[in-house]
Each structure stands twice: as structure tokens, then as C-alpha cells.
Amino acid sequence: MAPVKVVLAGGHGHGAHHLGVLRGLTTRGLVELVGVCDLRPVEVDFGAPLQSPDLGELIAKTGAEITVICTPINTHADLAITALRAGSHVLLEKPPAPSPEEQRRIAEVVAETGLACQVGFQSLGSAAVPALRELIASGRLGRVRGIGGWGAWHRPAAYFTRAPWSGRRRLNGVDVMDGALTNPFAHAIATALALADGPIAEIETELFHAHAIESDDTSCVRVRLADGFTITIATTLCAPAPPPPEPGVAVRGEGHLIVRGERGVATLTYTHDRLKVELPDGSVTTTVHDRVNLLENLIEHVRTGAELLVPLARTERFTQVLDAIRLAPEPTPIPERHQVVERDDEGEVVSRVLPGVAELTRQSALELALFSELDVPWTRVELLVAGRAVAAYELRPELPVTDSPRPYLHRVRTLGGVEVTEVRPEDHVHHLGVGVAISDLGGANFWGGRTYVKDRGPTWLEDHGTQRHVRFSRLADGGFTEHLEWVGPGGLMAREERTVTARPLGEHWALDFAFTLTNLTGAPLKIQSSATKGRAGAGYGGFFWRAPGTSVDRVTLPGGEEAVHGSTDPWLAMSGTTPEGRDWTLVFAQADGDPWFVRVAEYPGVGQALAWDTPLVVDTTLTRRVVTAVIDGRLDLAAASAVAGELLR
């Protein structure tokens, strides 16, 4: 048969690999490279392909039967559709599309034209995959409850600047999704999914980055199928660099999948087609399987009707996982104190390594656990003062909807180690350390618990909202700037920018907590409280600090609780004693003039009362700031006043 005419779209970067494959297939007489589509000229040392930035025109001129697309992910759908409608079959580099919607666009044109679209998950061309499926089905491993995958590679800082889309989740407002899970380790996800059938019921993600990039370089994902079968993939590009290879020896990073059954273990090194099987009788067999090149398989399909190994439809569940990663909160930065950073003579970062991360990814795969479930320090957001941890921050608490789930500070403590916050106490389980909570924002309950209804009192309603962490634009030992979404029962209502800073204050420290709430409803947004609906004195809503214990014995301002509750004094102080006899003091200061909401006898808590007795209407934005001194011991009135004077400077 005559060689198949092929056009390559995207000849730079990974496109060079495809050129190498095409060169070999040309030598064997299987293909003729008739065209290269790229925005820049591509050097080709075999054949005489036409070059053009217009793919449709190039296919029309050359009569190409197959188009290989190796371009940024955000261009995949448009180019694949162009090629299919021009009459060309397609080999589409992985991932096939940045979202299920984009993949459906391609699928519709595949159905419309009757042409083939093969996706370039090369690991699925390995005979090791059906061999492992058969092994699992045979029962020789016993009952299998899941598959764990891991990969620990090293990529220098330059890797993330190799192209405009490198290290990006979006480019010019378009999803490109160049992360560890969705690019270099996409094969791990796709191969694991190929070993287990059934619809996906749940996807959990944990995305992090050590490098100064937008996307993830160290991440894990856990997929639960409808029958309970679990797939966990843990990856990093921040492992230690391997030793230099011997001259002339090519070294590829390894990616692994482990299948643990009740009677045996199988490990597939999918990057090398190596399948190792360990059985209870002590037998260990290792087999290196053959791999079919996916372009050759597509050529055979075009010529003889052979079955495609990776048709587009086979990758739908992978794209479902990719979409969960796309919609997940932005990756969390890993503070430098957890890294080993190498710099050049000019101080520029050359590489970043996370000590112990290679073993961590393996442990995650073995236990089918997320990083946060393995007590990894950098999965926790902490505030440090003078190198000492003084608070933790919970990003995505697992709470019942009736608690109005929201991020919060907890385990806030003095420099002497005395904890001065409480989370979910028995008297009010929806009290969550230090944070922002509003009992009625446009009819949605972002405080938790029952909603006060005029003439009815506290009432359980289906009106609870959620504050959802989106990303950190700054995260350092001394604080962070966080972006959140306030989602009510009817959808997104507001966005918040929250800035939290921990700073030294003489022998103590201060927590500076500021937030700006932006109304997204398109209409005035009313903040109400129980007080504005008829419950006198219950004007709570805004910044709120739940102190420890069931009560405290002193509020420092003349007159005690009754005097400061509802006052607009610029500061107040609260003191208490732990069951172990250790004293603590909190000095709160604000410059916004809001009344204070204070509880002492019923329970210890201090906060703002944005709507003390009158609703507060937010047309566009609302900004507030409270600074709190966290102090070991007790302060008298004069000492507390002196501290308060320092807080807002």
C-alpha cells in the first residue's frame, strides 16, 4: 500500500518527538509527511512537507489522511474539528480537551464525519494494560479495593518557562491546564481508569505548588467509582534530581500503578511497560510487555479497519477527572521553609525540592490516601511569628451544611502556647475559631445554626450558605491573602478578599484580620442580624472570635460585658484562665466604628455587629479590619489601653 499522507500540527516542543516518530515510519514506508502546521517555521530533515499556519488549507492542498495534533490543550478542539471536517482522521495529543464540553464538541464531529480520533495516551498502547486487567479479573490477586499510582520526577525551574502556557492553568482567559496531574502524569490517571470499569461517583483533589507558578507541581487526586472502587494518584515534579546518566544512556522518569489484592500485589511501571506480580506462595514474576505505537494503530485502522486502542470515547472519564481539577480551588503554595531551593550566582531559582516527597507519593498510592491524610506539614496552612507556629488555618472544613461551612483560624495561641480559640463547642457547634460569619446576607445564613425569624424566633431553615476557598494570591509564614466565594442556596452571592497577617508585638504578637466583601448579585445586598428582626442585643455578624471555655471572667473596659456589648469604643480586652491555671488576654481594636458584639457569661466571644439594630446595605463593597493582640497573662486597664494604641498604627 502507498504510504499514508500525514500532516503534523505543532512541530515545536513535544512536536519534535512526533517528528522523530514520523521520521521512523517514513523510513519504513508507512507514512509520508506532507505538511507541517505551525505559527513558526519548523526544521524538518526528511521529506519535503508544505508548511502553513492554516490547518484546513494545508489538509486540502496535501490530501492528508491523518493529522497529528500536538499543540496547546486550549487549541485541541478547534484544530481537531478543522481536521475532521477537512476529511482527515486525527491523532490528538493528550489531554484531548480542557473540559467535557470541549471534548463533546470533538465527539459530535467525529460522529458527524465518521472519521477516527485517537487520543495519544501512549501507555494505553501497552499490552501490559490488558494483561493486568485479565489478572485482576482472574481473581489471582484476591479481592482488590483500589489502585494507587505515584510518580516523583524532578523538573528545574526552567521547565515552567519553556512555553507561554507552561505552569499555567489559564492563558489569556482560556483554560490550558498545564499541571502535574494533567500533563506529565496524565498517563497515570488514564491508565488507572483503563484498569477499572464503571462510572465515577466522586473526585477529590489536593493541588500544591512549590515553584512560583499558577498550576500544580505536587498534587494528588482520588477517584471513587460508583461501586466503591478507589483510584488514588499522587505526583510531584519536585523530587530530588537523579544522578546524571552515563554517556549515551537515555533515562526516563518512572510512573507506577500498584494493585493490592487480598492475596497478591501487582505493580505496573506504565512508563516502561513492566508488570511485576507478587503472590502469597512467594513467587515473583516480572514481564516487560510490547507497546503498539498509537499512530501505527491509527494507520492500521484507516487501512484495514483494525480496532482503535484509544478512541476519543474511551477518554471521557479522564476528561471528567481533568475537569474536577480545573474546577478545584487554585493550587496552594508550599512555603519555602519546607523546600530545598537551589539558586544560581545571580540569585535566580534553579530548582526546588521537597524533601521526602518521593516516598510520600508512594505512601499515598499504597494507602489510597490524600496528602492531607498523611499528616504532611506543607498541607497545613500555619501562621508563624519569629519562627514559632501561632495559628492554623482550615481551608476546606468537612462540616454539615447547617454549620455554614467556611474557612477559619484555629489553634490560635499565645507565644507561650496557650490556646485562645475554640472550634465547634457544645453550646454553639457552628462557632469556628476566628473568621467571618454573617447570620443573614441577602437572606442566606453564613453564620450557621438556626435563623431568627420575626415573630417565630430561632428556626431551622434551608438557607445556609458556604464560604468557598478559591485561591491564595499570597501565602507566607507571616500571613496570606485569600480569595473566597460566598455561595448561598441560590448560587454565588459575593466574593471576598481576606488578608490575614501575624506580626510581632513586643513580647507578644498581633493578628491583623481584614476583609473586603464584593456584592455580585446585581442589586443592593442587605446584611441583617437577629437584632434587626426583633431579638434585642443579638446584632452579631462580621469578624468573630470564639474564645475557649464556657465563660471568661473579665472584659477590660469600665462596666464589664453590659457596658461594652453594643459600644463603639475603638478597643476592648478579654481575659481568661485555662483549666491548668494559665492566664491569657486578647485586646481587640478597630477603626471602622462598628458596635462590638460581646459575650462573657453565656460563652466567651467577641466580634463585630455590622447590623447592630439596623440593616446594613452593601451596594458594591464592604471593607472591615480588626487587629487583635494575643497575650500571655492578664493586663489591667492601663496596660490594655497601651497595647490597643499600638495595634492600628
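The values are calculated or read from the model by the stated rules, or taken from the named source; none is laboratory data. Note that the coordinates shown come from a computational prediction; the quantities given were computed from them, not determined experimentally. Please note: Cβ atoms are built from the backbone with ideal geometry, for glycine as well, and neighbour counts cover all protein chains shown. Calculation scope for accessible area: heavy atoms of the full protein, side chains included, ligands and nucleic acids excluded. Shrake-Rupley method; radii C 1.70, N 1.55, O 1.52, S 1.80 Å.
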The one condition Leu25 fails out of (1) modelled with pLDDT of 95 or more; (2) open to solvent by 10 Å² or more (accessible area, probe 1.4 Å); (3) over 35 Å from the mean Cα position of the chain (by Cα) is (2)
State yes or no: is Leu141 assigned to a loop (DSSP other than H, G, I, E, B), touching a Gly at 6+ places or on another chain (Cβ under 8 Å) and not small (Gly, Ala, Ser)? yes
If only one of Ser123, Ser99 is more than 25 Å from the chain's Cα centre (by Cα) and open to solvent by less than 30 Å² (accessible area, probe 1.4 Å), which one is it? Ser123
Among residues belonging to the stretch 144-163 that are in a strand (DSSP E or B) and open to solvent by 20 Å² or more (accessible area, probe 1.4 Å), point out the one that is modelled with the lowest pLDDT. Arg145
Evaluate the following for Thr532: is it β-branched (Val, Ile, Thr), open to solvent by 10 Å² or more (accessible area, probe 1.4 Å) and touching an Asp or Glu at 6+ places or on another chain (Cβ under 7 Å)? yes
Considering only residues of the stretch 37-83 that are among the aliphatic types (A, V, I, L, M) and assigned to a loop (DSSP other than H, G, I, E, B), which is surrounded by the most Cβ atoms within 10 Å (Cβ to Cβ)? Ala64
Pair list, Cβ under 9 Å, 6 or more apart: the stretch 267-290 residue of a type in the set (Phe, Trp, Tyr), other residue open to solvent by less than 80 Å² (accessible area, probe 1.4 Å) and part of a loop (DSSP other than H, G, I, E, B): Tyr270/Glu254
Residue under question is His272, and the condition is that it be assigned to a loop (DSSP other than H, G, I, E, B), open to solvent by 40 Å² or more (accessible area, probe 1.4 Å), in contact with a strand residue (DSSP E or B) (Cβ under 8 Å, 6 or more places away or on another chain) and at pLDDT 95 or above; does it hold? yes
Can you tell me how many residues in the stretch 198-238 are closer than 20 Å to Val353 by Cβ and aromatic (Phe, Trp, Tyr)? 1
Tell me, please, whether a residue that is closer than 13 Å to Phe543 by Cβ, modelled with pLDDT of 95 or more and open to solvent by 10 Å² or more (accessible area, probe 1.4 Å) can be found in the stretch 568-589. no
Please enumerate the residues belonging to the stretch 164-217 that are assigned to a helix (DSSP H, G or I) and open to solvent by 30 Å² or more (accessible area, probe 1.4 Å). His187
So if I check each of Asp427, Asp403, which one is among the acidic types (Asp, Glu), touching a residue at least 24 places away in the same chain (Cβ under 8 Å) and open to solvent by less than 40 Å² (accessible area, probe 1.4 Å)? Asp403
Could you say whether any residue in the stretch 412-421 is in contact with a helix residue (DSSP H, G or I) (Cβ under 9 Å, 6 or more places away or on another chain), of a type in the set (D, E, K, R) and open to solvent by less than 30 Å² (accessible area, probe 1.4 Å)? no
